[in-house]
Amino acid sequence: MMRNSRKYNNKMSMEDQSSVPRRQTFGSMLQSDPNHDEDEYVNFRTSDQSGLANYDHNHRVSGLSSDYNMMISPSPSDECYSLSTTPYVTPSIDLTSSPLSKSPWSSNVESYLYTGLIGSLVREEGHIYSLAASGDLLYTGSDSKNIRIWKNQKEFAGFKSNSGLVKAIIISGERIFTGHQDGKVRVWKVSPNDPNNYRRIGTLPTLKAYIKSSMNPNNYVEVRRNRNSVWIRHFDAISSLSMSEDQNLLYSASWDKTIKVWRASDFKCLESISAHEDAVNSVVVGFDGLVFSGSADGTVKVWRRELQGNKTKHFFSQTLLNQECAVTSLVVDPSSNFLYCGSSDGFVNFWERAKFLSHGGVLRGHKSAVLCLATAGNLVFSGSADTNICVWRREGFDHICLSVLKGHAGPVKCMAVEEDHGPTINGDRQFIVYSGSLDKSVKIWRVSPCPPHMQVQLQDQSQWGTS
């Protein structure tokens, strides 16, 4: 039995372990012929209604059933706290009974509170697996193979690939990189003459590079028993993408236990890192030339990037975490001073750069697996299989839970955060949080960094015109 299977069964957070599906075998995995990329790009605005696809185990050991109704665990209490702080009881924003959550197209709806739901985006075409925000555009990926683009809470444009569910999206300048179930990274670019027209400009690895590599027997590595593959290609689903600070290197993490490093300028694969003993669920570029990876094997590892002449090489530095349950997500805060790690036990661990990556504490706010993390300013957001989002505020090296956002009917799978360009509240910036869920919806929240009691005071002042 594989190590991660044993560990996750011991830490199962869902009520019915028997409902957890086995991960697909390699033979049944959705794949495309590397020698013939049949991708076609299709632009659309409001067409393309796709049927519901089965949940495809985006996290190797997330322990989630194929029916998202079976995945919903009991709602957590509103008490969120960190081991580095005293318990802090916070209000929860519960919108499950609101008309907003029932509307198929909820747009431009202002929340009464400073922190609350302001809109919902729903397309009946499958679970939402990936999000990316850039300026006034939001990109969403689902198991329909569509990448939809939203502007001002309205569908603006889109494109789709003929193979590979969309597992990860990142934006780098004018290019959009998407990671897929079939182990490929695809690159897209908007037409300079038509903002609604996106075209595919590349696939990683490129067909030319694959053919050239396959002609040399030394380029083959054993990927499974009695099966070899060229080292430049992921042979399993891509789970995460990250870009270096200078935008020159792209990192792709995969269930094939490797991290591959690509040169963004010509899409050349520079290196393949055999990173973990099991599926790599997350990779994130950090600080001081470090790259962090989290895996189903329960570890968080640190890799050091070094220049060797005109080449880049990555070396193992240290293991920050080695636990029984799977690591599902990683994120580095905007100031590059903290690394956060979400796990299938519902906890969020963090490490501090100022203390040489010493363990800073644990944030405990969920009763099921943490599936995604995001940061903005001094706020940290954790989305979970319990359908909730915890909003944490960092004060020095301590964290308090400001609020719990409730409104999704399924596990929260991905998040993206943008600064709200509206008026500040008491001098503090507000943020717009996008959350994608297995309930097929994207919800849009406005979040204030102010404590709840200050939000109430400011709301009262706004109503009565006091200062």
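The values are calculated or read from the model by the stated rules, or taken from the named source; none is laboratory data. On a predicted model such as this, the values are computed, not experimentally measured, just so you know. Quick reminder, even Gly has a Cβ in these numbers, built from the backbone with ideal geometry, and neighbours come from all protein chains shown. Areas reflect the complete protein model, heavy atoms only, side chains present, ligands, DNA and RNA absent. Shrake-Rupley method; radii C 1.70, N 1.55, O 1.52, S 1.80 Å.
With a ≥ b ≥ c taken as the square roots of the eigenvalues of the C-alpha gyration tensor of segment 326-400, please select rounded if a/c is under 1.5 and otherwise prolate if a/b is larger than b/c or oblate if it is not?
Taking the square roots of the gyration eigenvalues as a ≥ b ≥ c, segment 326-400 is prolate.
If you count, for each residue, the other Cβ atoms within 10 Å and average over each peptide, how do 244-251, 370-377 line up from highest to lowest?
370-377, 244-251
If you count only protein heavy atoms and use a 1.4 Å probe, how large is the accessible surface of K440, to the nearest 10 Å²?
My reading of the accessible area for K440 is about 40 Å².
Roughly how many percent of the accessible protein surface of segment 372-416 is carbon and sulfur, given a 1.4 Å probe and a whole-percent answer?
Here carbon and sulfur together make up 48 percent of the probe-accessible area.
Which Rg and Dmax, in Å, describe the Cα atoms of segment 264-308?
Cα only, segment 264-308: 11.8, 34 Å (Rg, Dmax).
When Lys and Arg each count +1 and Asp and Glu each count -1, what net charge do the other residues less than 9 Å away from L117, Cβ to Cβ, add up to?
Working: positive: K443, R446; negative: none.
Taking every Cβ under 9 Å from that of L117, the sum is +2.
Under the definition of Cα pairs under 8 Å and six or more residues apart, what whole-number percent is the relative contact order of segment 272-405? Show your work: numbers first, answer last.
Details: 341 pairs, mean separation 19.3, N = 134.
Relative contact order here is 14 percent.
Compute the Cα gyration tensor for segment 274-340, then decide on rounded, prolate or oblate, letting a ≥ b ≥ c be the square roots of its eigenvalues: rounded whenever a/c is under 1.5, prolate when a/b is larger than b/c in the other cases, and oblate in all that remain.
Oblate is the answer for segment 274-340, as a/c is 1.5 or above yet b/c matches or exceeds a/b.
Using 0.36 nm times the number of residues separating F356 and K311, minus their current alpha carbon distance, what extension gain do you get?
13.5 nm
Listed highest first by mean packing, meaning other Cβ atoms within 10 Å per residue, what order do 117-123, 172-178, 211-217 come in?
With the highest mean Cβ count within 10 Å placed first, the list reads 117-123, 172-178, 211-217.
On alpha-carbon atoms, Rg over Rh for segment 368-447 using Kirkwood Rh?
A ratio of 0.97.
To the nearest 0.05, what FRET efficiency results for N218 and S172 with a Förster distance of 30 Å applied to their C-beta separation? Walk me through the intermediate numbers first.
Numbers: r = 32 Å, r/R0 = 1.06.
The calculated FRET efficiency here is 0.40.
Given labels modelled 7 Å from the Cα in the Cβ direction, how far is it in nm from N228 to R429?
About 5.2 nm, to one decimal.
Over 21 Å between C-alpha atoms is what I'm after, so list which of K268/K313; K151/K268; K301/K406; K151/K260; K151/K406; K257/K313 land there.
K151/K268; K301/K406; K151/K260; K151/K406
Could you work out the per residue convex hull volume over the alpha carbons of segment 251-388, in cubic angstrom?
118
Residues of segment 186-292: accessible area per residue at 1.4 Å, in Å²?
Normalised by residue count, the accessible surface of segment 186-292 is 45 Å².
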